[in-house]
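Structure, as structure tokens:
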Amino acid sequence: MDAWGVPAGFRSIEEAAGSGSQFDVISICSPTPCHAHDLEEALLLKPKLIYCEKPVTTSVSETERLAFECSKANVPLAVNYTRRWDPAISKLQAGIHAGQWGQLRSAVGFYNKGILNNGSHMLDLLHLLVGPMNIVKVGKPTHDFFPDDPTVPVWLEGPRGVPVNLVCGHAEDYAIFELQLVFSQGVLTMEEGGMFWRERRAFDSELFKGYRMLLEGVRRAGDYPRAMLQAVDNIYRAVSQGDPLASTGQSALAAQRVCEKIKQQSCAL
């Protein structure tokens, strides 16, 4: 409050509830196990919108219940799957639909630090770019950070049979969150969580006649640093003009349902 010149604040959400104050937006940034309680308290304050960190809760059933409660109270629920507000992702999504890279052949995501914590980010991004996916096979879990949220390798299948693989790193080694998309006209790779993008187009080889190869390509700076500003803009417009949210409780639920199935299958191995 001192740093940003905030005139009024509270030590807890219960204290805020007892203040009689009115709130347009409540942003929930507490640890995930606190989200269910904090969402319930936030709804009592009757805000115009709730912006919640991901995942919404630790279980699908709790997330379903709270998403329903928000809907019943006519309080839009935005969930911070940040890349849905990344301008580069929005541009890529439009480019895929327009066929700018040709047919999508496969996708490989690299992640660590838990299937729900970081894996849900990857699955939500894949839902946006690839579409709904079915689980084909799940590998053995690795507990590289959270004792109750393992990192799990998994093979999925998207629309038209597109294979999607999630490959694991280990959180004790380094942070990794990258996505490689293999198209008929080249390969596009999101690096460093979206801070950079690498583009490699296909070309007719002069050395090997009749073969098409990949160019060395270019590495460009991404727009991920702009994602939070885009989120704030989207939230403002949702509250003031009724614009649709880019990331909602329902889109978050879709990713969490897949996460929970992956975790259940991996724990059975």
inquiry  = Can you list residue pairs whose Cβ atoms sit under 6 Å apart, with the first residue in the range 163-178 being on the phi < 0 side of the Ramachandran plot and the second being assigned to a loop (DSSP other than H, G, I, E, B) and hydrophobic (A, V, I, L, M, F, W, C)? Count only pairs 6 or more apart in sequence or on different chains.
reply    = V164/M133; G169/I176
message = Being aromatic (F, W, Y), in contact with a strand residue (DSSP E or B) (Cβ under 9 Å, 6 or more places away or on another chain) and within 24 Å of D233 (Cα to Cα) is the requirement here; does Y51 meet it?
response = yes
inquiry  = With the requirement that a residue be farther than 17 Å from K113 by Cα and aliphatic (A, V, I, L, M), what does the range 168-219 give you?
reply    = L181, V182, V187, L188, M190, M195, A202, L207, M213, L214, L215, V218
query = Restricting attention to the range 247-259, does a residue exist that is among the β-branched types (V, I, T) and touching a residue at least 24 places away in the same chain (Cβ under 8 Å)?
reply = yes
key: The listed residue being modelled with pLDDT of 95 or more and in contact with an Asp or Glu (Cβ under 8 Å, 6 or more places away or on another chain), out of R257, R226   = R226
request  = Just need a number here: residues in the range 8-33 that are under 16 Å from I50 (Cα atoms), more than 26 Å from the chain's Cα centre (by Cα) and polar (S, T, N, Q).
outcome  = 2
query = Across the range 18-46, what is the number of residues that are over 28 Å from Q241 (Cβ atoms) and of a type in the set (S, T, Y)?
reply = 3
ask   = Which one is farthest from Q265 (Cα to Cα), of the residues in the range 105-138 that are open to solvent by less than 20 Å² (accessible area, probe 1.4 Å) and assigned to a strand (DSSP E or B)?
value = A107
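The values are calculated or read from the model by the stated rules, or taken from the named source; none is laboratory data. Because the structure is predicted, anything quoted here is derived from the model rather than measured. Cβ coordinates were reconstructed from backbone atoms using ideal geometry, including for glycine residues, and neighbour counts include every protein chain displayed. Surface areas here come from the heavy atoms of the whole protein model, side chains and all, with no ligands, DNA or RNA. Shrake-Rupley method; radii C 1.70, N 1.55, O 1.52, S 1.80 Å.
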